[in-house]
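Notes to accompany the following structure.
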Amino acid sequence: MMRRIAVLDAPSNLGLRPPTPTSVPGCGKAPGALRDQGLLPRLRARDAGCLTPPRYDAGDWRPGDGVCHAREIADYSAALADRIGAIIDRGEFPVVLGGDCSILLGSALAMHRLGEAVGGRIGLVFVDGHSDFRHPGNASYVGAAAGEDLALVTGRGQADLAGIEGRRPYFRDVDVVVLGIRAQDEYRLDLQAAGIITRPVPALRAEGAARTAQWAHEQLADCAGYWVHVDVDVLDPAVMPAVDAPDPGGIAFAELEILLAGLVDTPHCLGVELTVFDPDYDPDGGYAAEIVNTVVSGLRPVTAPGSAPSRLRAEQAPAPAPEPRRSIDQLGPPDAPAPVHGGQLHDDAASGADVSDGGPADPDLADGDLGGAGVSTETTRPATATGGPAA
């Protein structure tokens, strides 16, 4: 048996600032550009449609007003969570095509709902060139949700985005792995202080993409499953300049392909989203073609014969007269499958740094604390990490 991929378009650009006063971000065009390169037939995927976002209109928003488009993003996130949940209910593997990084809020909401239903925690593998960890505890103001998505989904920031449906945080700090940020990321010390483990590009390259994917599995071994977020600005702008914030020092397409293949090659992986590709900077479609080639190759393990589909949804609630479960109703890391039922895959006492009380991150972690030289380019949890060299 193998998993079937379902591709859902989430072409929201609500989380980005306008490129110019009279223009809107182009990343909303990304799903169409990727489809034009044959993504769906090459994946043999079901077309799960498109969730159309609200109109982009910053209106009279000014810095200091909170997150721009907050109400629209919150509504869109709830609708996106519904669509992702429906795909998982069908036993399929969702591939969500963004859009900007604010779509992570919808995915995170879906994962929190799912974790609650099965009595386990869902983790996040955050593959991104930037930490997107700006929040009121470390910045003078917030405004663009795409630069704050990791902070928001870990419970930091205004409640209308960080606590949709009263769920806060969507992911616990201890259940997040950050891969591919640059070595001098602005918020690297904040991540470290929160207990969010990272493997920036130098350490990722030193260990290799395949071993890094396995390392990420190990960090989330206590979770019932995990979601994968991929921002294409993790790639170096020499090979992928068609993003809103290119930053030198990224990885190559081949490394992203290997990393993605390693992350999805387990029923523990529940789905993937792809964000921030901007076709406005790709007039001939060449970069879109490169992305599609990488995604198709990287997702090949999902549909390989013999791959085990996730049956996490089957664990939601016992039926009055349950039939015997098949052995495939298990979910765990690839080297040690374990059932999710009975709450055996989560331990609230091990949740580590947690903001479930809805409060902001430590206000002492201000911009002035972000300088420190000599900080390791990788953080890890000693109890589970394989240990890579610091760069």
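The values are calculated or read from the model by the stated rules, or taken from the named source; none is laboratory data. Just so we're clear, the structure is a prediction, and the values are computed from it rather than from any experiment. Neighbour counts are summed over all protein chains in view; Cβ atoms, including those assigned to glycine, are modelled from backbone coordinates with ideal geometry. Only protein heavy atoms, including side chains, enter the accessible area calculation; ligands, DNA and RNA are left aside. Shrake-Rupley method; radii C 1.70, N 1.55, O 1.52, S 1.80 Å.
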Would you confirm, using the coordinates I've provided, whether A238 is out of contact with any helix residue (DSSP H, G or I) (no Cβ under 7 Å at 6 or more places or on another chain), open to solvent by 10 Å² or more (accessible area, probe 1.4 Å) and under 18 Å from T294 (Cα atoms)?
yes
In segment 9-26, the residues that are in contact (Cβ under 8 Å) with a residue 24 or more places away in the chain and either open to solvent by 10 Å² or more (accessible area, probe 1.4 Å) or in contact with a Leu (Cβ under 7 Å, 6 or more places away or on another chain) (or both):
D9, A10, P11, N13, L16, R17, P18, P19, V24, P25
One residue is enough: does segment 55-65 have a residue meeting the conditions open to solvent by 70 Å² or more (accessible area, probe 1.4 Å), assigned to a helix (DSSP H, G or I), closer than 28 Å to G137 by Cβ and basic (K, R)?
no
Output the residues belonging to segment 171-193 that are open to solvent by 10 Å² or more (accessible area, probe 1.4 Å) and either assigned to a loop (DSSP other than H, G, I, E, B) or under 13 Å from F133 (Cα atoms) (or both).
R172, R182, A183, Q184, D185, E186, Y187, R188, L189, Q192, A193
Which condition breaks for D160 when tested against (1) assigned to a helix (DSSP H, G or I); (2) in contact with a Leu (Cβ under 9 Å, 6 or more places away or on another chain)?
(2)
Hey, among the residues in segment 36-49 that are touching a residue at least 60 places away in the same chain (Cβ under 8 Å) and in a helix (DSSP H, G or I), which one's surrounded by the most Cβ atoms within 10 Å (Cβ to Cβ)?
L39
For segment 294-320 the number of residues that are closer than 23 Å to A110 by Cα, in contact with a helix residue (DSSP H, G or I) (Cβ under 7 Å, 6 or more places away or on another chain) and at pLDDT below 90 is 4
Could you please tell me which pairs satisfy a Cβ distance under 9 Å, a separation of 6+ or placement on different chains, a first residue in segment 58-72 that is at positive phi, and a second residue that is surrounded by 12 or more Cβ atoms within 10 Å (Cβ to Cβ) and among the β-branched types (V, I, T)?
G66/V142
